[in-house]
Structures are given as C-alpha cells and as structure tokens.
Amino acid sequence: MQIPLTAEQSAIAAAAPDRKIWLEGIAGSGKTSAGVGRLLRLLEGGIPAESILIYVPQRSLAQPYVQALRQHSGYSGGQVGVQTIGSLSLQMVEAFWFLIAERAGFGHPQDLPNFLSLESVQYFMTKVIEPLVNQRDYFNSVRIDRARLYSQIVDNMNKAALVGFPIDEIAPRLKGALPGGVEQGHIYDDAQTCASAFRAYCLANNLLDFSLQLEVFLDQVWHLPQARAQVRMRYRHLIADNVEEDNPASHRILADLLRSCQSALVIYDSDAGFRRFLGADPENARRLQGFCDGQEQFAESKVMSDTGRALGRALAGQLGAAFVTGLDGIAEDAPPPVLIREAHRYHPQMVDWAAGRIDELVNRQGVAPQEIVVMAPFMSDALRFALVEGLTARDIRARSHRPSRALRDEPAARALLTFARLAHPGWQMTPAEFDVAFAVMTAIDGLDLIRAKLLTEMLYRDGRMLPFSDVKSEAMQDRITYELGARYDGLQTWLNNYIEGEPTEALDIFFRRLFGEVLSRPGFGFHDNSDAGNVSMNLVDSARNFRWSLEFMRRYEEGTDLGRDYLDMVDRGVIADFYLRDWIADGEDCVLIAPAYTFLLSNRAVDYQFWLNVGSEGWARRLYQPLTHPHVLSLGWPGDRIWTDDDEAAMNRQTLARLILALTRRCRKEIYLGYSELSESGYEQRGLLLEAIHGLMRRSVADNINGEAHV
C-alpha cells in the first residue's frame, strides 16, 4: 500500500509532466517516497510505462519503485525501465556489438561477447597474471591474500573507467600522489602491468569485465547517433535517485538524458556519498542541478527522533564537522545528548550485553525483530557467530548480510562445496575429515560439532560416507541418537545414489538438487534458514555463471573440467559477486546483523540500532589497500598534489561524521552503544568514535547530566 504523501511530497509528485526538478534533503526526509509518488502519478496520467526510466547507483536502491509498481495495477505502455550504469551499458554494448567490436580492438569481432561477473573476472585474472606474478616475483612485499590483491587490481581498472581515464594512467596517478619509496613504486608498477595484461587477454578473447564494458559503452557505443537516439526516444521521463552515490560515468549519461528528456526528478541525499570506495562522487553529482529548471529541498526528517538528532549533531560537531549540512556552531551551542552505553572489559561481555538488551526489547517490550539492527565497522565470523548464538538462545531469529566476502567463508557454502567434492570422486579432491564433520554438522539440524566429529571418525572412509548402521557400538548410537542418525542416513543415501548414477550434471544443478531435495527439508540445517537459503542460491548462480563463461571460452582455448576449476577458484578465496537477493528485505521477523556501511547502503530505517565495538578504529579508518586508493583515483583529486597524513586524518574525521549522521537519521527511537576495553584480538581500542564519545561524556559531566540515559 502506498504511504500517504505530505503536502510537499504531493507537490513533487503532481508537478507538470514537462518539469525537471532537483530534489535535495537529508536521509529520511521523504525524497524517495516523493519519487515513488511521482512515478505513480505519471503512470496514472497516461504516460506510457516504457517511456519512464528509474536510474539508481545500485539495483537494490530501486526496490521502493519496484515494489510500488508491483502493487500498482492498471497502467499501460510496456514496462518501466530500471537501470544502473552497469545494466544500461551491458544492454547497449550487446545491442550494438557488431558495429563497434572491430573498432574497439576485440580479437573476434564476428563473435558475440562474453560479459563477466566479478567472480569470473577474478578467475580469468588469476589465470592470466598468476604465472606473471610467480615468474617475476611481483608483490613479494605485500602481505595480503592473493584474492584480495587481485580484487584491488580489478578495483583500479573499474575506477579508471568510472572516472574516465585510461588504465595505463593508474600507476602514474598513484605514484604521483602517494610517494612511498622505491618499493611502493614497484608495487604500483606491478599492478599496472597486471592490469594491462588482463585487458589484453580480454580483448583477444571477447571478454568484457565491468571496466572494459563501461569503456566500450562510453567511448564507442554512446558516440553512435543511433545508440543515443534509441535511449533518448524511449526514455522521455527520468527519475534518478541517490545520484550522490553514483559515479562520474553515470553523471555523464544522466547529463545527456537531462538535456533531451521531457521531465525529470533528480534526487540528492545531503551529506551522503558512502559509496566513495566504489567510485561515488557527490561533488560531481551536483553538476546535474544545472540541468534542472527547479530546485526543491526537504529539510525535516520523517524518521529521526529528537534525541537521535541530538546525538548525531553532537557527535558530528565533536568531530569538527561544520562542513555538514546544518551543523554550523553546534560544537559550542548544542547540549550534549545522554547515551545508552555500557562499558565492558572483555569482548564477549559486550556481545552478551547486546543480546540481553535485544531480548528485553523483543520478548518484554514487544518490539518486532526486523526493527532492530546490530552493526559494527567489520562483522567478523566470531562476532556474527556469537551474536547469532546469543539471540538464538533467547528465541530471537537473526539474519546477517556481509557482502564482499569470499564465497568459501559462509558456512552453508562450505558445506555445499564439501558435499560436491564427496559426490565427484573422479575429481580427486577428497575433503579432509574436519571439513566433512563441519559440513555434516551444518547440514543436519540439532547436530553439534562433537557428535559430527564422532560420526565422521566412525563413518568416513576413503572419501565415502558409510551408513549409520555401520556404527556397531550401541552406546555410541545412543549418544548420536537415532533421530540424528536417520537424518544422517538421508543425506548419505542421497550422496551415494548420486555417485552411483555416474554424476554428469553441471555443478550448479548439483547444488540446486542437494538443497531442494535434502538440505531445505525439515530436520536439516537449511530448513527455515534465510541466510543458508540465500547463500545456497548465490552459489547456484555463481556456479552457473562460471559454467557459461568457460563454455564460451572453449571457442578459443582447450576445454577444462568446469566443476573442478570452479572448486579451485573458490578455494583461492574469490570475492563474491553482487547478489540482489542479499540486499532485499525478505520480510522475515529477524534481527539484522551487518557492517555499518552495508546497513546504510540498504537505505532503510529501523527503530533500534546497536553500535558495537565503538572503540574500533574501523569506524573512521578505511581498509588498508596497498594497490589502490579511492580518493586519489577520483575525479576531484588534482594530479599534481600529494596525499598527506593530514589529508588522511581530515578524511577520517569527515567520513566518521557523515557515517554518524547517516546512522542517526535512519533510527526512529534509540541507539545503544556497546564498548569493550579489549577487542576480539585482546588489544585495547582507542578509535576516533570512542574519542568523540568521551568528549561528549566530559561535556555531560560538566553540564551535570548523570546516569544512564536514552538516545
């Protein structure tokens, strides 16, 4: 059901169908709701659906529009276009491929292209540059995982395409702004050589990673008169949301569309730009304001409570964030808010405190679990596990979302991959005994690791799982229990039947069958488990896309064993692709556990937020990336300026201030701050967020505000 609009939202929705409006406001002020209202009003006014374009930086940000369209009936004229720069460029390159392929330098212009996912990119990059790295001893001083290292090379290439400079300028830009000595210069040169080698391989084999796809679109396809005419003639009405989270390449396309379209609504979120590490450029987005004939501003939040506003403003002011909208002078004038806070000596105590507070909210106060989010700057496996276990023990369901992780790191994926090895003995990839025990424990509901290890020790022989009846000791059978033994037999029988059937199915089909026929049924670990279900379907999609990519390559190279190659790729720690199902709220009654930026990029509000590990430096400090730098490889950074420690410190304070404001603007009621003196690793925590909180506490003492309180 469409949420009733306020007078200012209704004015935007009902604007004349020939107006181009720039709409700006803080998060939670109702901008997207106004955009949805605008979309529905255009449809109700007889505008053909296919002439309307919804343009967003990330597909998940279009969900309010998609859901409104699903609930709205009666409109005609085809389908509303929902595009990102990635989807639009892919469609256009595919449509005009034979007109530009030879001119763009592809080795087989007469053949169709193969568009690579992030996972496929990492596979082919490893295949191309791993021999080069080993032969020339590249990156010998870099102490990070190879998969993460290669992902930074991919990130450099993507930044070059999004900003608009050739990939052979990556190393000069980094070396010019980040002088780190001879060794660091060699690292940048090595990364440049690897990027160039991968680009040459892609051109020779008709492979398009995101960076090449975007370059071909902007430099070749978009210059074709017929290509521009096709887009301009179709999309006459534009709604571009969250443009501050988009990149210069998108802004270039939007500027062209704004010149030709009949009406437009361009929505800009003040003080945002959280996707800077992905190429977002909020400063460049403001250029689009000049293509609009009217500007509107939503100043009041429809989400944030008064006390939440006080916390955000006070902490941002404590960080000296006078650059943020509406915060001038607050460090001196605004009263410090009181905080729901709890200090602990050890990390497990903080986690238990958070679970206890959530238990009080859900089981005593009747708060819906989906109105609670637990976040930290980084959500480690240990922290996630402890939170899930603590909430489960209190009969509270939880789901987690942690993008940009290796596929192999999710327990459900590890179990499926282990069973794939067991089911394909011809690959000679026999799993270790502990991996089998972990997979069995994950697959069977109610089976703990101790009994899973006992089962494996007794029934795992020569790469095969034996039936439960082979356990000869009655005492051991009683210890395992016959109920769990029956579930084990169901899994073991399915795997053995699959093996005896001479498995020839594609790996993605194997995953789908195992999930649907066994693991998702009652009594098994994936039943009624949204996290496991999402991970399983992501693995199916991943294996299928990998199969399609390698089947394409068989035109030019000798065939390989697809299943075995896929498992090898995952074992190397390939970073997972973007899967929309992970970002869409599934409506289940679950507490969300996620990194802070992941929650922000979902662009939704909740009643209660828990900020854990507030002493961590990760709230303000970016991840160490020795091969790249998101600010240096941006449109706004001067090529002749050096990035200094002062720049880094200023950026950290600015980043933290924007993060705090964004989180408080997405909280309707209360925020809980969890702190432990010692981190998970046992080290003291003295991050910038903790420093800002201590500053507020000192002011609170000075103003005679005592006791525990509420945000």
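The values are calculated or read from the model by the stated rules, or taken from the named source; none is laboratory data. Keep in mind that what you see is a predicted model, and the values were worked out from it rather than measured. Because the Cβ atoms are built from the backbone with ideal geometry, glycine has one as well, and the counts that use them run over all protein chains shown. The accessibility values were calculated without ligands, DNA or RNA, using every heavy atom of the protein model including side chains. Shrake-Rupley method; radii C 1.70, N 1.55, O 1.52, S 1.80 Å.
The one condition from (1) over 28 Å from the mean Cα position of the chain (by Cα); (2) of a type outside the set (Ser, Thr, Tyr); (3) closer than 30 Å to ALA15 by Cβ; (4) open to solvent by 40 Å² or more (accessible area, probe 1.4 Å) that ARG252 does not meet is (1). Scan the stretch 88-106 for residues that are over 11 Å from VAL216 (Cα atoms), in contact (Cβ under 8 Å) with a residue 60 or more places away in the chain and open to solvent by 70 Å² or more (accessible area, probe 1.4 Å) and the total you get is 1. Any residue at all in the stretch 530-538 that is within 17 Å of ARG414 (Cα to Cα), part of a helix (DSSP H, G or I), hydroxyl-bearing (Ser, Thr, Tyr) and touching a strand residue (DSSP E or B) at 6+ places or on another chain (Cβ under 7 Å)? Yes, because at least one residue in the stretch 530-538 is within 17 Å of ARG414 (Cα to Cα), part of a helix (DSSP H, G or I), hydroxyl-bearing (Ser, Thr, Tyr) and touching a strand residue (DSSP E or B) at 6+ places or on another chain (Cβ under 7 Å). Cβ-Cβ distances below 7 Å connect the following pairs, each with a first residue in the stretch 643-669 that is over 14 Å from ALA620 (Cα atoms) and touching a residue at least 60 places away in the same chain (Cβ under 8 Å), a second residue that is aliphatic (A, V, I, L, M) and part of a helix (DSSP H, G or I), and a separation of six or more residues or different chains: TRP643/ALA177; THR664/LEU311.
Out of everything in the stretch 284-311 that is closer than 30 Å to LEU623 by Cα and at pLDDT 85 or above, what residue ends up being surrounded by the most Cβ atoms within 10 Å (Cβ to Cβ)? Once the filter is applied, the top-ranked residue is ALA285.
Residues are listed down the side, and each one gets a yes or a no for (1) of a type in the set (A, V, I, L, M, F, W, C); (2) closer than 18 Å to CYS292 by Cα; (3) in contact (Cβ under 8 Å) with a residue 40 or more places away in the chain:
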site: ALA7; (1), (2), (3): yes, no, no
site: GLY28; (1), (2), (3): no, no, yes
site: SER33; (1), (2), (3): no, no, no
site: LEU40; (1), (2), (3): yes, no, no
site: ALA49; (1), (2), (3): yes, no, no
site: ILE54; (1), (2), (3): yes, yes, yes
site: ARG59; (1), (2), (3): no, no, yes
site: TYR65; (1), (2), (3): no, no, yes
site: ARG70; (1), (2), (3): no, no, no
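When you look at ARG408, is it closer than 30 Å to VAL367 by Cα, open to solvent by 30 Å² or more (accessible area, probe 1.4 Å) and under 27 Å from the mean Cα position of the chain (by Cα), yes or no? Spelling it out, it is not the case that ARG408 is closer than 30 Å to VAL367 by Cα, open to solvent by 30 Å² or more (accessible area, probe 1.4 Å) and under 27 Å from the mean Cα position of the chain (by Cα). Scanning the stretch 271-283 for residues that are within 15 Å of GLU24 (Cβ to Cβ) and open to solvent by 10 Å² or more (accessible area, probe 1.4 Å) gives ASP271, GLU283. Residue check: is VAL221 crowded, with 21+ Cβ neighbours inside 10 Å, of a type outside the set (Lys, Arg) and either in contact with a strand residue (DSSP E or B) (Cβ under 9 Å, 6 or more places away or on another chain) or over 19 Å from HIS108 (Cα atoms) (or both)? So VAL221 does not fit the description; no. Selection of first residues in the stretch 249-270 that are assigned to a loop (DSSP other than H, G, I, E, B) and of second residues that are among the aliphatic types (A, V, I, L, M), restricted to Cβ pairs under 6 Å at least 6 apart or on distinct chains, gives the following pairs, ordered by first then second residue: CYS261/LEU238; SER270/ILE26.
Pairs are defined by a Cβ separation below 6 Å, a sequence spacing of at least 6 or placement on different chains, a first member in the stretch 156-182 that is touching a residue at least 40 places away in the same chain (Cβ under 8 Å), and a second member that is open to solvent by 30 Å² or more (accessible area, probe 1.4 Å) and in a helix (DSSP H, G or I); the pairs so defined are ASN158/PHE210; ALA161/GLU215. Those helices (runs of 4 or more DSSP H) of the stretch 44-138 in which 2 or more residues are modelled with pLDDT of 95 or more and within 24 Å of ILE584 (Cα to Cα) occupy 85-95. For the stretch 606-630, the set of residues classified as open to solvent by 10 Å² or more (accessible area, probe 1.4 Å) and outside any loop (DSSP other than H, G, I, E, B) consists of ASP607, TYR608, GLU617, GLY618, listed by residue number.
Considering each residue of the stretch 469-490 in turn, at least one proves to be small (Gly, Ala, Ser), modelled with pLDDT under 95, outside any helix (DSSP H, G or I) and farther than 19 Å from LEU519 by Cβ. Exactly one residue among LEU315, LEU327 is at pLDDT 80 or above, buried (at least 21 other Cβ atoms within 10 Å of the Cβ) and within 19 Å of LEU663 (Cβ to Cβ), and that residue is LEU315. From the list PHE434, PHE419, the lone residue that is assigned to a helix (DSSP H, G or I) and surrounded by 15 or more Cβ atoms within 10 Å (Cβ to Cβ) is PHE419.
Residues in the stretch 140-155 that are outside any helix (DSSP H, G or I) and touching a residue at least 60 places away in the same chain (Cβ under 8 Å): VAL142, ILE144, ASP145. Each residue in the stretch 202-212 was checked for being buried (at least 23 other Cβ atoms within 10 Å of the Cβ) and hydrophobic (A, V, I, L, M, F, W, C), and 4 pass.
Against the numbered list (1) more than 26 Å from SER60 (Cα to Cα); (2) among the aliphatic types (A, V, I, L, M); (3) touching a residue at least 40 places away in the same chain (Cβ under 8 Å), ALA200 comes up short only at (3).
From the list ASP541, ASP489, ASP531, the one residue that fits, being over 31 Å from the mean Cα position of the chain (by Cα), open to solvent by less than 50 Å² (accessible area, probe 1.4 Å) and of a type outside the set (Lys, Arg), is ASP489. Among (1) out of contact with any helix residue (DSSP H, G or I) (no Cβ under 7 Å at 6 or more places or on another chain); (2) in a helix (DSSP H, G or I), which single condition is THR456 missing? With respect to (1) out of contact with any helix residue (DSSP H, G or I) (no Cβ under 7 Å at 6 or more places or on another chain); (2) in a helix (DSSP H, G or I), THR456 is out only on (1).
A count restricted to the stretch 643-684 and to residues that are open to solvent by 30 Å² or more (accessible area, probe 1.4 Å), basic (Lys, Arg) and not in a helix (DSSP H, G or I) stands at 2. PHE552 falls short on exactly one of the conditions (1) under 15 Å from PHE124 (Cα atoms); (2) within 24 Å of the chain's Cα centre (by Cα); (3) open to solvent by 10 Å² or more (accessible area, probe 1.4 Å), and that condition is (2).
Examine the stretch 577-596 for a residue that is assigned to a helix (DSSP H, G or I) and open to solvent by 60 Å² or more (accessible area, probe 1.4 Å), and state whether such a residue exists. Within the stretch 577-596, one or more residues are assigned to a helix (DSSP H, G or I) and open to solvent by 60 Å² or more (accessible area, probe 1.4 Å).
Restricting attention to the stretch 686-711, the residues that are modelled with pLDDT of 85 or more and charged (D, E, K, R) total 2.
Yes/no matrix, rows are residues, columns are (1) crowded, with 21+ Cβ neighbours inside 10 Å; (2) farther than 30 Å from ARG554 by Cβ; (3) modelled with pLDDT under 90:
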site: VAL142; (1), (2), (3): no, yes, yes
site: ARG146; (1), (2), (3): no, no, yes
site: PRO172; (1), (2), (3): no, yes, no
site: LYS175; (1), (2), (3): no, yes, no
site: VAL182; (1), (2), (3): no, yes, yes
site: ALA200; (1), (2), (3): no, no, no
site: LEU214; (1), (2), (3): yes, no, no
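Looking at the stretch 12-31, can you tell me whether even one residue there is open to solvent by 40 Å² or more (accessible area, probe 1.4 Å), modelled with pLDDT of 90 or more and over 19 Å from VAL266 (Cβ atoms)? Within the stretch 12-31, none of the residues are open to solvent by 40 Å² or more (accessible area, probe 1.4 Å), modelled with pLDDT of 90 or more and over 19 Å from VAL266 (Cβ atoms). For first residues located in the stretch 379-402 and open to solvent by 80 Å² or more (accessible area, probe 1.4 Å), partners that are in a loop (DSSP other than H, G, I, E, B) and lie 6+ apart or on another chain with Cβ distances below 6 Å form the pairs ARG397/CYS590.
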